[in-house]
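*Asks:* Take this structure first; my questions come after.
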Amino acid sequence: MRRLMLAMVFYLTLAGSAAWGQANSVKPIHVPAGTVLTFYLQTRLNPANGSAIDLLPKGTELNIRVLDSIDSDLTQDGAQFRGVVVSPLVSREEVIIHADAEVRGLFALLRSRNHPDGFRYELLITGIVDGGKLFQLTASLNPSFFDGAPHETAKADSGPGKTASDKATARGSAHK
């Protein structure tokens, strides 16, 4: 009986420390509802039939007000979130996406070759519904969806050495 108790304590200690280590290994994202974030349009692998979205260049900025709180400590990988477009998306003086269009997104834990822990959290826009029409697309907080060194994803307004997830956390904290 004593051996069984020692084995259980050992197992629980190992399992608990492994889970604790995993929870702290990936930089968290905390975004309160109402936060406005800039997402960057990514290249589509299978463009639709001449959709206006397909004509927009990679890196086109989308300003999105997030309607649902996102907290990497509580939100599960693959969870959906909602948002609205803050400013219209214009190309060649034509409005492609109107302000207040409905945004659909995903909170994802992605594998990352360049991240020191091997994973990173990402917020992804997967679609926008404007005037009843669904535009399927991919947009992320980082200008490049592919792995890059953290300094490559830094923006002037985020300070030196901060990544897009740092910006999301910082902007979320500023709106509390």
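The values are calculated or read from the model by the stated rules, or taken from the named source; none is laboratory data. This one's a predicted model, so the numbers in the text were calculated from it and none came from an experiment. Reconstructed Cβ throughout: ideal geometry from the backbone, glycine too, with neighbour counts over all protein chains shown.
*Asks:* Only one of (1) surrounded by fewer than 18 Cβ atoms within 10 Å (Cβ to Cβ); (2) under 11 Å from the mean Cα position of the chain (by Cα) fails for S72. Which number is that?
*Replies:* Result: S72 passes all but (1).
*Asks:* Run T138 past the list (1) at pLDDT 50 or above; (2) among the hydroxyl-bearing types (S, T, Y); (3) over 21 Å from P57 (Cβ atoms) and report the number of the one that doesn't hold.
*Replies:* Tallying (1) at pLDDT 50 or above; (2) among the hydroxyl-bearing types (S, T, Y); (3) over 21 Å from P57 (Cβ atoms), T138 fails exactly one: (3).
*Asks:* Same structure again: Take the residues of region 34-92 that are of a type in the set (D, E, K, R) and assigned to a loop (DSSP other than H, G, I, E, B): which is modelled with the lowest pLDDT?
*Replies:* R44
*Asks:* So which residues in region 87-116 are over 24 Å from D54 (Cα atoms) and either more than 18 Å from the chain's Cα centre (by Cα) or exposed (fewer than 12 other Cβ atoms within 10 Å of the Cβ) (or both), if there are any at all?
*Replies:* Within region 87-116, R111, R113, P116 meet the criteria.
*Asks:* Also, quick follow-up: Going residue by residue through region 76-86, is there one that turns out to be more than 21 Å from G59 (Cβ to Cβ) and either among the aromatic types (F, W, Y) or surrounded by 18 or more Cβ atoms within 10 Å (Cβ to Cβ) (or both)?
*Replies:* Yes, region 76-86 contains a residue that is more than 21 Å from G59 (Cβ to Cβ) and either among the aromatic types (F, W, Y) or surrounded by 18 or more Cβ atoms within 10 Å (Cβ to Cβ) (or both).
*Asks:* Also, quick follow-up: What are the pairs with Cβ atoms under 9 angstrom where one residue, in region 64-88, is within 17 Å of A108 (Cα to Cα) and the other, located anywhere, is charged (D, E, K, R) and assigned to a loop (DSSP other than H, G, I, E, B)? Sequence gap at least six, or different chains.
*Replies:* S72/K27; T75/D68; A79/D68; Q80/D68; F81/D68; R82/D68; G83/D68
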